[in-house]
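Student: Take this structure first; my questions come after.
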Amino acid sequence: MVISVTSTPGALRVLGIETSCDETGVAIVDSERGLLAHQLHSQVDLHAVYGGVVPELASRDHIRRLLPLTRAVLQDSGLQGQDLQAVAYTAGPGLLGALLTGASVACALAYGWGIPAIPVHHLEGHLLAPLLDNSEIRFPFLVLLVSGGHTQLLLAEHLGHYQLLGESLDDAAGEAFDKTAKAMGLGYPGGPALAALAATVTASRLRLPRPMLDRPGLDMSFSGLKTAVLTALRRADLPHAEIAYAFEEAVAETLVEKTRRALHLTGVKHLVVAGGVAANQRLRAGLQTMAQAQQVAVSFPALAFCTDNGAMIALAGLQRLQRGWVPERPPQIIHAQARWPLQGVGVH
Ligand code: KG4
Ligand code: ZN
């Protein structure tokens, strides 16, 4: 059942909860004043010793953090549960156990406060994140979504309608960064570490292939680059920084060129870049230069909102609430799906 909330007077405030992987994020967004408070706990240290996320440990830690972080955002914003109109939570995709912690707490809070709980698609959260500091972004726009789990070019036609134009056929860009960093002994999470190493040089003697640029279409492939890096690592004459530079350059140039083609194909004049890899400075610079040449506006989320966070989930929940796309109140069903295609998230 969907209820209409168009008659709600005044501002709408939504608490957002994100627990799909290794970050516990909680935030409150207000329809008139924007982001009121956000808190984030990263589990990076917890998983670093294992070289990757351990799902069971992730769930346990989310459980420990959720209520203190929720109390903190209420305190920071000077609000109480009764001041909120909905609780939004990441319902998928992600680690099922981790998702269930956030979904259960969100539904319990919503139940207690007598307000709806709104399930949000994690990737919709990412692609709406640039709206947190630029409310001028209007549909339709092109999205380059580059995270640890996804690399996709999407045409965002309107809220809930995202047409997939192309994607990585193997590793996501973030995954390629992480795996390559691991192969280079840079630890976890690899993306930022590899980028930092690459930034210590200004050129590289190594040139890696630009995968699938010679083929038409908007699909991509990044797993071959890792293999090319493994080969390069055997060369004694190449410092690791130059290898990191060449890898980053190949990924960034490939993403920029595929995005340019997608802009050309769709004719849209606004590009939104989202997901953890949107934090990469080389990619940002390349996309900015390309967008300028194409006379296309480009929006990136603030660095803090590129990677997983509660604010993007609160914002996606608010957008749904404003359209009356709200499940019945109080929540009867807890939604959590490890796999969930972004297409078809129109109305719950
Ligand atoms: O969006 P996100 O927080 O989690 C997923 O939903 O996957 O993205 C995390 C990914 C990781 O693969 C991480 O290595 C990558 O984003 N990442 C970066 C940078 N910062 C984060 N990759 C390249 N350069 C960065 N500066
Ligand atoms: Zn994410």
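Student: Tell me, in nm to one decimal, what length is gained between E56 and S223 on full extension, where the rule is 0.36 nm per residue of separation less the Cα-Cα distance?
Tutor: Contour length minus Cα-Cα distance gives 57.4 nm.
Student: Can you list which of the trypsin sites (Lys or Arg not before Pro) found in the range 237-313 are DSSP loop residues with at most 16 other C-beta atoms within 10 Å?
Tutor: K269
Student: When the Cα centres of the range 136-189 and the range 217-247 are compared, how far apart do they sit, in Å?
Tutor: Distance between centres, Cα-based: 19 Å.
Student: If you take the alpha carbon radius of gyration of the range 116-218 and divide it by 2.2 N^0.38 Å, what ratio comes out, to two decimals?
Tutor: After normalising by residue count via 2.2 N^0.38 Å, the value is 1.31.
Student: Sorted from largest down, give the three principal axis spans of the alpha carbons of the range 262-320, whole angstrom values.
Tutor: 34, 27, 14 Å, listed from the longest principal axis down.
Student: Considering amide H positions built from the backbone, and no H for Pro or chain starts, which residues 5 or more places from D171, or on another chain, come under 5 Å of its amide H?
Tutor: F222, S223
Student: Against the globular-protein guess of 2.2 N^0.38 Å, express the Cα radius of gyration of the range 11-91 as a ratio, rounded to two decimals.
Tutor: 1.18
Student: What does the charge dipole of the range 145-206 about its Cα centre add up to, to the nearest 20 debye, if the Cβ of each Lys and Arg holds +1 and the Cβ of each Asp and Glu holds -1?
Tutor: Roughly 340 debye for the range 145-206.
Student: If you place +1 on the Cβ of every Lys and Arg, -1 on the Cβ of every Asp and Glu, and leave all else neutral, what size is the dipole of the range 213-348 about its Cα centre, to the nearest 20 Debye?
Tutor: Numbers: 14 positive and 10 negative charges, 75 e Å.
Here the range 213-348 has a charge dipole of around 360 debye.
Student: Describe numerically, in nm with one decimal, the distance between label points set 7 Å from Cα along Cα→Cβ at A338 and at A48.
Tutor: Modelled inter-label distance: 2.8 nm.
Student: Quote the FRET efficiency, to the nearest 0.05, computed for A241 versus E167 with a Förster distance R0 of 41 Å and r equal to the Cβ-Cβ distance. Kindly include the intermediate steps, with their values, before the conclusion.
Tutor: Details: r = 30 Å, r/R0 = 0.74.
It comes to 0.85.
Student: Of H47, A193, L155, which is farthest on the positive side of the dipole of the chain, counting Cα position, with +1 on Lys and Arg Cβ, -1 on Asp and Glu Cβ, and the Cα centre as origin?
Tutor: The Cα lying farthest towards the positive end belongs to L155.
Student: Hey, how many Å between the Cα centroid of the range 83-113 and the Cα centroid of the range 315-348?
Tutor: Cα centres, the range 83-113 to the range 315-348: 11 Å.
Student: Set the Förster distance to 35 Å, then compute FRET efficiency between L233 and A293 from the Cβ-Cβ distance, nearest 0.05.
Tutor: 0.50
Student: What residues have an amide H closer than 5 Å to that of A86, excluding those fewer than 5 places away on the same chain, when H is modeled at 1.01 Å from N in the peptide plane?
Tutor: R13, L15
Student: Right, another one. So what are the three principal axis dimensions of the chain from its Cα atoms, in whole Å, longest to shortest?
Tutor: Dimensions of the chain along the principal axes of its Cα atoms: 65, 46, 31 Å.
Student: Quick one: Debye curve from the C-alpha atoms of the range 11-158, no solvent, what's log10 I(q)/I(0) at q = 0.12, 0.16, 0.19 Å⁻¹?
Tutor: Results for the range 11-158 at q = 0.12, 0.16, 0.19 Å⁻¹ read -0.52, -0.91, -1.21.
Student: Once amide H atoms are placed 1.01 Å from N in the peptide plane, what residues at a sequence separation of 5 or more from D219, or on another chain, have their amide H within under 5 Å of its amide H?
Tutor: Those qualifying (amide H under 5 Å, at least 5 residues apart or on another chain) are E167.
Where a number appears in this text, it was derived from the coordinates with a stated rule and is not lab data. Every value quoted in this text rests on a predicted model; they were computed, and no experiment measured them. Every residue, glycine as well, gets a Cβ built from its backbone with ideal geometry; the counts of neighbours run over all protein chains shown.
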